[in-house]
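I have placed the structure first, in the form of structure tokens, so that the comments after it can refer back to it.
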Amino acid sequence: MLLFCPSCANVLTVSRAPSTLSFPEGQNRLECRTCPYEFLIDQKYYERREMKRKEVEDVIGGKEAWENVDKADAQCPREGCDGSSAFFYQVQIRSADEPMTTFYKCTTCAQRWKEN
């Protein structure tokens with residue numbers, strides 16, 4: 001977790017404050033490296049946030065990704081399925097010097113797979 005300085009917006013770092021009479025070993029603090037801002041840490045501090053994961057379908061195109069796609073001859077990888085044709089579409093996922101990734105969906109059993 002990163003905390004930022006309220007005066008200059010740079011990242012605050014944890015360091016040991018100089019010792020005082022009430023804290024002879026020193027005390028932890030958050031300090032800014034570019035301005036004189038510091039915040040003494042006098043209690044436990046933590047913050048937890050649960051992040052929501054995106055579904056793969058949302059990233060690639062959702063339910064509309066299979067509308068208006070082409071059909072090709074492709075053998076289904078699922079055992080027991082004798083499907084020999086599939087819907088497909090291509091997406092450039094990696095860098096431009098790499099080939100496009102092809103996503104397939106079997107017309108018989110709706111099994112999905114990809115080829116790079």
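The values are calculated or read from the model by the stated rules, or taken from the named source; none is laboratory data. Every value quoted in this text rests on a predicted model; they were computed, and no experiment measured them. Every residue, glycine among them, receives a Cβ derived from its backbone with ideal geometry; neighbour counts consider all protein chains shown. Just so you know, the surface numbers come from the protein's heavy atoms only, side chains and all, with ligands and any DNA or RNA stripped out. Shrake-Rupley method; radii C 1.70, N 1.55, O 1.52, S 1.80 Å.
Spot the failing condition for R29; the list is (1) farther than 30 Å from W113 by Cβ; (2) assigned to a loop (DSSP other than H, G, I, E, B); (3) open to solvent by less than 50 Å² (accessible area, probe 1.4 Å); (4) modelled with pLDDT of 85 or more, and only one is missed.
(2)
Being over 30 Å from the mean Cα position of the chain (by Cα), surrounded by fewer than 11 Cβ atoms within 10 Å (Cβ to Cβ) and either modelled with pLDDT under 90 or outside any loop (DSSP other than H, G, I, E, B) (or both) narrows it down to one of S22, S95, so name that one.
S22
Find all pairs meeting these conditions: Cβ atoms under 7 angstrom apart; at least six residues apart or on different chains; first residue within the stretch 3-16 and open to solvent by 90 Å² or more (accessible area, probe 1.4 Å); second residue not hydroxyl-bearing (S, T, Y).
These pairs meet every condition: F4/N10; F4/V11; F4/L12; V14/N28; V14/L30; R16/G26; R16/N28.
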